[in-house]
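Peer 1: This structure is in structure tokens; I'll ask about it shortly.
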Amino acid sequence: MQNRPASPRSPGLWSRLPVIGRLLVAFWGLVLVGGTTAALMLRHQSQPSTPVRTTNNQPAAPGAHQPDAVADNYSVRPPVIPVEKAQNTSTPKPVPVPVPAPVPSTPAIKSPQMPPPIAQAPTFDLNSITASGKTALAIVLQGFGYSDAMTYDVLSRIPAPVAVGVSPYIGNLPDVLARAHAAHREIFVTLPMQSAHPENVDEGPHALGNGNSEADDRRELDWCLSRAEGATGLTDASEAGDSQPGGGYATTPGFHPIEDIIASHDLLYLSGSPQEDRHIRGMTATAWINGDTDAATLDAQLAARLPDGTKPTHILLMVGPLTPVAIDRLATWLSGPVANRFVLVPPSALADNGTTSEQASAQPKDIQTAPL
């Protein structure tokens, strides 16, 4: 028997469709599926949600927990409605929301500043003092601020009219000036100046005078003025004594422009000796006492400051350098029996307009200066 090949199967309906037919069938199939899906979604959304049971707008009972956004935000809880009002009111009144006070901006921190200088205008009537038969006595303690212990002794034991002289080279100068100012002391900052013999006296790296140009002097003066904030004035005297007599820089005409600048800063100028030709408002020392000596010598020098007989118009006493024994003897002298012979005044009470005006006539002639 001979094997015959199998007859080919007839193609299916999908295979006999042309390409366009297949596309149409696929398109309408997608439309049908999309429409069914959309209908199901609309039906689901149209179903009503479960109703929420209300309380007929009755306020919550006191003490019930309520969310409190205001309290969380500002740490201030609104007032609680009393029970009586909650029961008698069908509709609760709105609770006022507390408005927090504006928070002030934090001020910028400023560096501490020196207070204005103590008033330099004389508060004592010198004529009345001398008419009463007493001496107007002003004292400046040179070398203040080097020792904390002596600074405390001066401020606690020496009367406030006694002024202090301070070197501009002190490292803690702002603190020293602040403490003296708080104790109502007049303050005189030393202006370093070359003496007649600069080779023998070192006035430090910021000295004015011999060997400097005008620009150099202006620069050193500006430095000293920056260190004298809050001071009553400047002085050419230091704790080592007066270095200007006999040809020092302050006795020369070259110092006059420096005086003008000092005056423009409303500072007094304390001359260490009457030999200076001062052309600026200030005072001139009339006596010096060496503080670096023994108690007996200090007592004798202090006793000689008020001579018997005709009393001078005024005395401006410089004491330096400052030592513990000098503080002790001065404190004892100022509180002793001799105190009824003078009136203690601040140095500014003796201020004049310069040696060419009032001071020439006011300068006592019977007081011998005693430079160190």
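Peer 1: Please work out which residue is surrounded by the most Cβ atoms within 10 Å (Cβ to Cβ), limiting yourself to region 301-332 and to residues that are β-branched (V, I, T) and modelled with pLDDT of 95 or more. Reasoning before the result, please.
Peer 2: Residues of region 301-332 β-branched (V, I, T): 310, 313, 315, 319, 323, 325, 327, 332.
Okay, now just the ones that are also modelled with pLDDT of 95 or more, so 319, 323, 325, 327, 332.
On the way: V319: 26, T323: 19, V325: 14, I327: 20, T332: 14.
Filtering first and then ranking leaves V319.
Peer 1: Which of (1) open to solvent by 30 Å² or more (accessible area, probe 1.4 Å); (2) at pLDDT below 95 does P159 not meet, given it meets every other one?
Peer 2: Going through (1) open to solvent by 30 Å² or more (accessible area, probe 1.4 Å); (2) at pLDDT below 95 one by one, P159 breaks only (2).
Peer 1: Sticking with this structure for a sec: Here is a check on your reading of the model: is P257 open to solvent by 40 Å² or more (accessible area, probe 1.4 Å) and in contact (Cβ under 8 Å) with a residue 40 or more places away in the chain?
Peer 2: Numbers: open to solvent by 40 Å² or more (accessible area, probe 1.4 Å): yes; in contact (Cβ under 8 Å) with a residue 40 or more places away in the chain: yes.
The answer is yes for P257.
Peer 1: Can you find even one residue in region 120-138 that is closer than 23 Å to A228 by Cα, at pLDDT 95 or above and open to solvent by less than 70 Å² (accessible area, probe 1.4 Å)?
Peer 2: yes
Peer 1: Among the residues of region 229-254, what is the count of those that are surrounded by 18 or more Cβ atoms within 10 Å (Cβ to Cβ), at pLDDT below 90 and either among the hydroxyl-bearing types (S, T, Y) or not in a loop (DSSP other than H, G, I, E, B) (or both)?
Peer 2: The qualifying residues number 8.
Peer 1: Right, something else. Which condition number in (1) part of a helix (DSSP H, G or I); (2) farther than 21 Å from L344 by Cα is the one that L302 fails?
Peer 2: (2)
Peer 1: Residue by residue through region 171-187, note down the ones that are open to solvent by 10 Å² or more (accessible area, probe 1.4 Å) and aliphatic (A, V, I, L, M).
Peer 2: A178, A182, A183
Peer 1: Scanning region 188-228 for residues that are in contact with a Gly (Cβ under 8 Å, 6 or more places away or on another chain) and either part of a helix (DSSP H, G or I) or among the polar types (S, T, N, Q) (or both), which turns out surrounded by the fewest Cβ atoms within 10 Å (Cβ to Cβ)?
Peer 2: D217
Peer 1: Still on this model: Every residue in region 260-278 that is open to solvent by 10 Å² or more (accessible area, probe 1.4 Å), at pLDDT 90 or above and within 26 Å of V345 (Cβ to Cβ), please.
Peer 2: A263, H265, D266, L267
Peer 1: Hey, can you tell me all the residues within region 260-280 that are part of a loop (DSSP other than H, G, I, E, B) and touching a Gly at 6+ places or on another chain (Cβ under 7 Å)? I'd like the intermediate steps shown before the answer.
Peer 2: Within region 260-280, the subset part of a loop (DSSP other than H, G, I, E, B) is 265-267, 272-280.
Selection gives L267, R278, H279, I280.
The values are calculated or read from the model by the stated rules, or taken from the named source; none is laboratory data. This structure is a prediction, so every number in the text was calculated from the model and none was measured. In this analysis, Cβ positions are derived from the backbone assuming ideal geometry, glycine residues included, and neighbour counts consider all displayed protein chains. Only protein heavy atoms, including side chains, enter the accessible area calculation; ligands, DNA and RNA are left aside. Shrake-Rupley method; radii C 1.70, N 1.55, O 1.52, S 1.80 Å.
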